[in-house]
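See structure below.
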Amino acid sequence: MKSSPVSARLAALAIATMVFAGLGPAQVFASPDSTSPASKSRQANESSNDAPAISNTLGLSEAPDTAATPSVGTSPSPEVLPTPSSSPSTTPSTSAPTESTAAKSQVVSDAGAVMGQAGKNAPQPAATKSRLFSTFAAPTVGEQPSGTEGKPLGLDVSGWQPTIDWNAVRRAGAQFAYVKSSEGTEAKNNFFAQQYNGSASVGLLRGAYHFAIPNVSSGASQARVMLASGGGWSADGITLPPALDIEDNPRVATDGTNKCYGMSPAALVNWVRDFTNTIKASTGVDPVIYTGYYYWQECLGGSNAFANTNPLWIAAYYASSPWMPGQWPKHTIWQYANNYADQNQSIPATFPGDQNVFNGTYADLLKLATTGPLSPQQQIQIAAASNPSVGSPTSGIYCTLVRGGCYQAFVNGAILWNSVTGAQMSTFGPIRDHWGESGYEAGSLGYPTSSKICGLRDAGCYQMFEGGAILWSQSSGAKTSAFNAIRGTYSAHGLENGRFGYPVSDEACGLKGGGCYQMFQGGAILWSPTTGAQPSYFGGIRETYRSLGFENGRLGYPVGDEYCTLRDGGCYQSYEAGSLIWAPGIGTTLSPNGSIRTVWGSLGFENGWLGYPLNSEYCTTATSCRQDFEGGSLTWTSSKGVTVSRR
């Protein structure tokens, strides 16, 4: 990270961690059925909005296409989808589209040292996977170290990240942030106040860190610089302990020393002790120590002087698990990647600045912020004080909810707490109403894990829960997007910002073969145990699929996306029993698996001399079928097989 000057101490900001009280029946919480779509994607930028619900009643398969908002003609949308193959017979790739990236800006005035030099401390580099932060991205499988799934994610930033969309960071899954307050003898983060308070305003636990320059002044004097810069600690329930960043000397080229600041291990250990003792004397808490394995072992001689008192924040970008320096029994925070131009780190970046994961549960993280366990009642009181919009309390605090949860009712909603999610706010409105329809905290969504967050496309809003998200927009109403394979496909296609738009129905199951589906503004996503979750967009291809009986008809379930990569802008989608092909000037035709399609493929599909089909394959008798093409026809008989005719 980098720093920039800051003069005033910051007042602790309100947590946007919101709480919801479900006063519904106290049934046992039911996790999503493992037989329904089950690839649990990470909660990310979701959307939810409140409006009149759109009714989508299914017949034998899906809701009528007329229930959708978009109007379409007889041809699919001209949007070009990921390119699979030049012929419609090949099953398309299911890889997600590449995410858009945002340019990284740097502020010359910040001119501080970058945190993370110590991150390059693992023995083996991995494949290039670096990417920059996208405000519409959420962590997915493989975007945090294996084995840390479910643990709180966080980031650390400095003046080198001057503009941060904290709502987007929260949507992307962050639960804590560290902000650079100072470096050496200076307060060197001009953006400290807005970062420190901005992170807290969306519900993140936040803390400050100081970049040590030990050869310019004493540890005690630099601790006082940090405290004067606003980087101290207060018992407000949202502030993490101050952190000391001690790593390779960034000024070697100008101060003529070395990576260890020209100091002996004993001198550096005494310097760190001086710093940490001063912080503890002022705040009452032991500061976190950030370092790297090799730096600590070499420059501080592997000292174990702090292993039993100070939490360890270890930097390791290329490791499957971080090595422990100084006989620390475990790490508290692992900085596993950054979003600078480091092309060798093994995990891509999700947030601005450096990427971190806390080694414990959210309740453990909250305990670190309070230096001791807070009762549920205290946590609810802190959340209420931090969110005055919830209004005055209208009930006491009752701990009668499922899984030991507690709640308190307020004029404008409720605050709910459990040991996993902490205290979260649930404000009155369509999102809360929809959550109530699902059974509140005793239903499939469980407890909320965030407050309601707005500012999505079309003035939409969303709220995250243990089992998924509820998205709302004025046109779609409040609908659930459960953590499963359907949501995984929805997320891969851009959530509400993509071609699907907002969901207009909840997920429904009971289709052929145990299948499920969900309707969206731009189409449907169908899932079956054998085909996974696949799109079915509104347009000419879906209209023909519908006329054939959806998944109950001749084609069965889709097995891939719709792709518009064929000759002259043609499109196709593959299904269990064949493909549907759309061509300009022709419309949509059926090419079922079988002898006629096999011969057409051997002649080059639409790129061969036969060109596109002019009609769907049709059979006049049980022993004779035919399909006409731009350049001729293919006829199958049981006695002769397929014969080819040119026009």
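When a 1.4 Å probe is rolled over the protein heavy atoms, the share of accessible surface on the range 199-315 that falls to carbon and sulfur comes to 50 percent.
Taking only the C-alpha atoms of the range 507-647, the Rg (one decimal) and the largest Cα-Cα distance, Dmax (whole number), read 15.8, 49 Å. The packing ranking, built from the mean of other Cβ atoms within 10 Å per residue, places the peptides 414-423, 499-508, 316-325 in the order 414-423, 499-508, 316-325, highest first. The phi torsions of the range 403-420, fed into the Karplus equation with coefficients 6.51, -1.76 and 1.60 and a -60° offset, translate into couplings of 6, x, x, 10, 8, 9, 8, 10, 4, 10, x, 8, 10, 10, 9, 9, 5, 8 Hz, rounded to whole numbers, with Gly and Pro shown as x.
Surface composition of the range 543-647: carbon and sulfur make up 50 percent of the accessible area, probe 1.4 Å. Ignoring ligands, DNA and RNA, what percent of the accessible area of the range 421-492 is carbon or sulfur (1.4 Å)? Carbon and sulfur atoms account for 53 percent of the accessible area of the range 421-492.
Over the range 495-647, with the other protein chains present, what is the accessible area per residue in square angstrom, probe 1.4 angstrom?
Per-residue value: 34 Å².
If you take the alpha carbon radius of gyration of the range 529-604 and divide it by 2.2 N^0.38 Å, what ratio comes out, to two decimals?
After normalising by residue count via 2.2 N^0.38 Å, the value is 1.06.
Take the Cα pairs of the range 203-255, get the Kirkwood Rh, then feed it into Stokes-Einstein at 4 °C and 1.567 mPa s and tell me D in µm²/s. Estimated via Stokes-Einstein, D reaches 104 µm²/s. Residues whose amide H falls under 5 Å from that of Asn189, counting only those 5 or more places apart or on a different chain, are Ser4, Val6, with hydrogens built in the peptide plane. Using a probe of 1.4 angstrom and keeping all protein chains present, the accessible surface of the range 402-481 works out to 27 square angstrom per residue. Evaluated with a Cβ-only charge set (Lys, Arg +1; Asp, Glu -1), the range 397-511 carries a dipole of roughly 180 debye about its Cα centre, given to the nearest 20. Dividing the C-alpha radius of gyration of the range 422-567 by 2.2 N^0.38 Å, with N its residue count, gives 1.11.
Applied to the range 270-287, the Karplus parametrisation 6.51 cos²θ - 1.76 cosθ + 1.60 on θ = phi - 60° returns per-residue 3J(HN,Hα) values of 5, 5, 4, 4, 4, 5, 5, 5, 5, 4, 5, 4, 7, 10, x, 10, 7, x Hz, with x for Gly and Pro. Candidates Val272, Tyr318, Gly391 compared by Cα position along the dipole of the range 254-405: farthest toward the positive end lies Gly391, with charges placed on Cβ. Placing unit charges on the Cβ atoms of the charged side chains and taking the dipole of the range 179-314 about its Cα centre, the candidate lying farthest along the positive direction among Thr257, Asn304, Gly232 is Gly232. In the context of the full set of protein chains, the range 220-265 has a per residue accessible area of 34 Å² (1.4 Å probe). Estimated from the Cβ-Cβ distance and a Förster radius of 41 angstrom, the FRET efficiency linking Ser218 and Asn497 is about 0.20. Per-residue Karplus couplings for the range 517-525, computed as 6.51 cos²θ - 1.76 cosθ + 1.60 with θ equal to phi - 60°, are listed in order as 8, 9, 8, 10, 4, x, x, 9, 10 Hz, Gly and Pro entered as x.
The values are calculated or read from the model by the stated rules, or taken from the named source; none is laboratory data. Here the structure is a predicted model, which means the values were calculated and not measured. Cβ: placed from backbone, ideal geometry, glycine included. Neighbour counts: every protein chain shown. Only protein heavy atoms, including side chains, enter the accessible area calculation; ligands, DNA and RNA are left aside. Shrake-Rupley method; radii C 1.70, N 1.55, O 1.52, S 1.80 Å.
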